[in-house]
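J.: One structure, as structure tokens, below. Some questions next.
The values are calculated or read from the model by the stated rules, or taken from the named source; none is laboratory data. Please read all numbers here as calculations on a predicted model, not as lab measurements. Please note that ligands, DNA and RNA were not included when accessible areas were found on the heavy atoms of the full protein model with its side chains. Shrake-Rupley method; radii C 1.70, N 1.55, O 1.52, S 1.80 Å.
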Amino acid sequence: MFLTPVIYPVSFVPERWRWMLALNPLSGIIEAFRDAIFGRPFNWGGLALSAVLTFALLAAAVYVFRKMVQEFADVV
């Protein structure tokens, strides 16, 4: 929760820790929204990284679900 920059901008985080914020798929989307609201140029790299991470997590979730679908109902 605290790694998603909702209340604070990414510029408040020291440069050496910003890579950790980039791993959060929601941070690029929130920063792009902030850029649109305040009329700043978009950080397309951060937005693209968010999209790639989101689709990678989706692919991993689909893979794990398909492997566990036979046993899933028994566990639940």
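J.: Give me a count of the residues in the stretch 36-57 that are of a type outside the set (S, T, N, Q) and open to solvent by less than 100 Å² (accessible area, probe 1.4 Å).
T.: Pass one, the stretch 36-57, residues of a type outside the set (S, T, N, Q): 36-42, 44-49, 51-53, 55-57.
With open to solvent by less than 100 Å² (accessible area, probe 1.4 Å) added as a condition, the list becomes 36, 39, 42, 45-49, 51-53, 56.
Summing the residues that are of a type outside the set (S, T, N, Q) and open to solvent by less than 100 Å² (accessible area, probe 1.4 Å) in the stretch 36-57 gives 12.
J.: Go through the stretch 4-35 and give me each residue that's aliphatic (A, V, I, L, M) and open to solvent by 60 Å² or more (accessible area, probe 1.4 Å). Steps first, answer last, please.
T.: Keep residues of the stretch 4-35 that are aliphatic (A, V, I, L, M), which gives 6-7, 10, 13, 20-23, 26, 29-30, 32.
If the condition is that a residue be aliphatic (A, V, I, L, M) and open to solvent by 60 Å² or more (accessible area, probe 1.4 Å), then 6, 7, 20, 23, 26, 29 are the ones that fit.
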